[in-house]
1. If we count every other residue with Cβ under 14 angstrom of T59's Cβ, Lys/Arg +1 and Asp/Glu -1, where does the sum land?
2. Sequence gap at least 6, Cα distance under 8 Å: using those rules, report the relative contact order of segment 62-150 to the nearest whole percent.
3. Which order do V143, V21 take when ranked by solvent-accessible area (1.4 Å probe, heavy atoms of all protein chains), largest first?
4. Between rounded, prolate and oblate, where does segment 80-123 land on the alpha carbon gyration tensor, with a ≥ b ≥ c its root eigenvalues, rounded for a/c under 1.5, else prolate if a/b exceeds b/c?
5. Using only Cα atoms, find the angle between the long axis of helix 49-66 and the longest principal axis of the chain, and express it within 0 to 90 degrees, rounded to the nearest 10.
6. How much net charge surrounds F149 when only other residues with a Cβ under 15 Å from its Cβ are counted (Lys, Arg +1; Asp, Glu -1)?
7. Suppose every Lys and Arg Cβ carries +1 and every Asp and Glu Cβ carries -1, with no other charges. What dipole size does the chain come out with about its Cα centre, to the nearest 20 debye?
8. Ignoring ligands, DNA and RNA, please state the percent of accessible area on segment 1-94 from carbon and sulfur, probe 1.4 Å.
Amino acid sequence: MNTKNLVLMALLVGVGAALYVITPGLVQGMKPDFMLTMMFIGILLFPSVKETFLLSITTGVLSGLFTTFPGGFIPNIVDKAITGFAFLIVLLIIKKLASSMFVSAILVGLGTVLSGVVFLSVALFVIGSDVGATFAVLFAGVVLPAIAFNVVAFLIIYPIVTNLVKRSRFKTSVSQA
C-alpha cells in the first residue's frame, strides 16, 4: 500500500467520522452513516482487497465507537465488513459500468440498503428485540432516509475527491481512467 493512498483513505474516514458525530440520531438513536459513504468512495478509488479490508474495519470500529444505538459496536463492525466486500465484489464484476457517476450512485444506494439490513439484523439479534416490528420501524425510519442522505452526499463529495485525485499524484482507479 502506498503512503499517499493511506493518507487519502484516512482523510476520507476522518471526514466521514466528523459528519457521523455531528449528525443527530433519528429513531432510537440510529443515524445515517456518512462513514459508509466515505468507505464507498474509498473502495471506488482503491478497488482492492487490502484497501477494502482496511477501510471496512476502520469505518466499522469508528462507527461502533461513535454509535448511539444500544449494543451497536459489534453490529457496526460486522456490517461494514460484509458491506465493504460485497460492494468490492459487485464493483469488480461491473468495473466498466462503475466508471459512470449514475451507476456508482446506484451502487452506493444499494450498498446502504445492504448495510442497513445487516446492521439491523445483527443489532436486533444481539439485543434480543422483537425483530419483526422493530426491524420494519427502524428500516423505514433510518435506513430509507440514510439511502437518500448517502446518495446525495456521494453525488456532492465524489466529484470533488476525484478531481483532487486527478490533479495529484495518487495512484487510484480514477487517476488511471
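The values are calculated or read from the model by the stated rules, or taken from the named source; none is laboratory data. Computed from a predicted structure; not experimentally measured. FYI the Cβ positions are ideal-geometry reconstructions off the backbone, even for glycines, and counts take in every protein chain you see. Just the protein is used for accessible areas: all its heavy atoms, side chains included, with ligands, DNA and RNA removed. Shrake-Rupley method; radii C 1.70, N 1.55, O 1.52, S 1.80 Å.
1. Working: positive: K80; negative: D33, E51, D79.
In short, -2.
2. Working: 63 pairs, mean separation 28.6, N = 89.
Reported as a whole number, the value is 32 percent.
3. Details: V143 5, V21 80 Å².
The residues order as V21, V143, largest area first.
4. Values: a/c = 4.22, a/b = 1.98, b/c = 2.13.
In terms of gyration-tensor shape, oblate.
5. Value to nearest ten degrees: 40.
6. Numbers: positive: K31; negative: D33.
Summing Lys/Arg as +1 and Asp/Glu as -1 gives 0.
7. Numbers: 10 positive and 4 negative charges, 167 e Å.
Result for the chain is approximately 800 debye, rounded to the nearest 20.
8. Roughly 79 percent of what the probe reaches on segment 1-94 is carbon or sulfur.
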